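Quick notes on the structure that follows.
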Amino acid sequence: GLTTFMADYAYRAREGGEAAARLAWLRDYASMPPGDDAPLARFTMRTHGASQVIGYNKAAMVFFMLREVIGAAAFDEGVRRFWREQRFRVASWNDLRNAFERASGRDLAAFFDQWLSRPGAPDLRITNATAVPTIAGWRLNVTLAQGAPPYALSVPLAIRTSGGETTQRVEFGGERDTVALDVPHEPLAVTLDPDFRVFRRLAVAEA
């Protein structure tokens, strides 16, 4: 998974195809029979298509999301630290987590636990969106929902307004929550994670 992210995905990124690569990973996951799903922590080697979807694609997406959480500088330092300390040894996910925690100064136990120990993926959706004018512009209220037990997520919302487009990230950790976003121009549309930056179950039209 780390090789997929740092080699295959990095090549696609240089070619400008990052979003397409992430969409391909999510489409592969969406097409996988539910009975073949398994926690990432159980993956040891590729034996069939489903194991590649989990062990290569999902793992690469987890590293992508981790970089989004801790920042590129801390992520790169974590990889270097992991290499220095673990080369020529058999390393574990805990060794990876420890390297990234020391590089970022953050407790990443909850992040790794939800993506390694649980099968499946969050089923995110917008259930309602309303906009009201304010003194400074507009307030957009967006209701998000996901299945139980919920994941703790940082969700990008792309907002198209009468003055252009903007993207805001919101923290979402429950089954249902309404977030308020202030924008200077009238909101015309809001889209959840249009660039596929969160490992999730795709909506039918996306898949």
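Would you kindly state how much longer the chain becomes between GLU165 and TRP83 on full extension, computed as 0.36 nm times their sequence separation minus their alpha carbon distance, in nm to one decimal? Mind showing how you got there, number by number?
Working: separation 82, 0.36 × 82 = 29.52 nm, distance 4.02 nm.
Additional length available on full extension: 25.5 nm.
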**Report entry** Rounded Å value of the spacing that divides the Cα centres of region 130-146 and region 174-202
**Finding:** 11 Å
Query raised in the report: Mind checking the angle between helix 59-70 and the chain's longest principal axis? C-alpha axes, 0 to 90 degrees, to the nearest 10.
Result: 60 degrees
Query raised in the report: For region 6-147, what is the accessible area per residue in Å² when the probe is 1.4 Å?
Result: 54 Å²
Requested in this report: Could you pull out the longest piece of the chain with no exposed loop GluC sites (Glu not before Pro) in it, calling a site exposed if DSSP puts it outside H, G, I, E, B and it has at most 13 other Cβ atoms within 10 Å?
Outcome: 16-174
**Report entry** Neighbourhood charge, 14 Å Cβ-Cβ cut-off, centred on ALA121 and excluding it, Lys, Arg +1 and Asp, Glu -1
**Finding:** +2
Report summary line: Each label sits 7 Å from Cα toward the beta-carbon; between SER31 and ALA203 the label points are separated, in nm, by 2.2 nm
Query raised in the report: How large is the charge dipole for the chain, taken about the Cα centre, if only the Cβ atoms of Lys, Arg (+1) and Asp, Glu (-1) carry charge, to the nearest 20 debye?
Result: 540 debye
Query - Nearest-20 debye value, region 1-97 charge dipole, Cβ charges on Lys, Arg, Asp, Glu - result: 260 debye
Query raised in the report: Given the C-alpha centroids of region 73-102 and region 14-39, what is the distance between them in whole angstrom?
Result: 25 Å
Report task. Write down the Kirkwood hydrodynamic radius of the chain, to one decimal in angstroms, obtained as one divided by the mean of 1/r over all alpha carbon pairs. Result -> 18.4 Å
**Report entry** Extension gain from ALA109 to ALA10, taking 0.36 nm per residue of separation minus the Cα-Cα distance
**Finding:** 33.0 nm
Report summary line: Of every hundred units of 1.4 Å-probe accessible area on the chain, the number belonging to carbon and sulfur atoms, as a percent, is 50 percent
Query - Hull shadow area, averaged, region 52-164 [alpha-carbon convex hull, nm²] - result: 10.2 nm²
Query raised in the report: How large is ³J(HN,Hα) for each residue in region 130-140, as worked out from phi by the Karplus curve 6.51 cos²θ - 1.76 cosθ + 1.60 (θ = phi - 60°), to whole Hz, x for Gly and Pro?
Result: 9, 10, 10, x, 10, 4, 8, x, 9, 10, 9
Requested in this report: Within region 26-109, list the chymotrypsin sites (Phe, Trp or Tyr not before Pro) lying in a DSSP loop whose Cβ has at most 12 other Cβ atoms in a 10 Å radius.
Outcome: PHE88
Report task. Just flag the trypsin sites (Lys or Arg not before Pro) in region 89-163 sitting in loop per DSSP whose Cβ has no more than 16 other Cβ atoms within 10 Å. Result -> ARG89, ARG106
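The values are calculated or read from the model by the stated rules, or taken from the named source; none is laboratory data. What you see is a predicted model; the values in this text were computed from it and never measured. Virtual Cβ from ideal backbone geometry, glycine too; neighbours counted across all protein chains shown. What goes into the accessible areas is simple: the full protein's heavy atoms, side chains included, and nothing from ligands, DNA or RNA. Shrake-Rupley method; radii C 1.70, N 1.55, O 1.52, S 1.80 Å.
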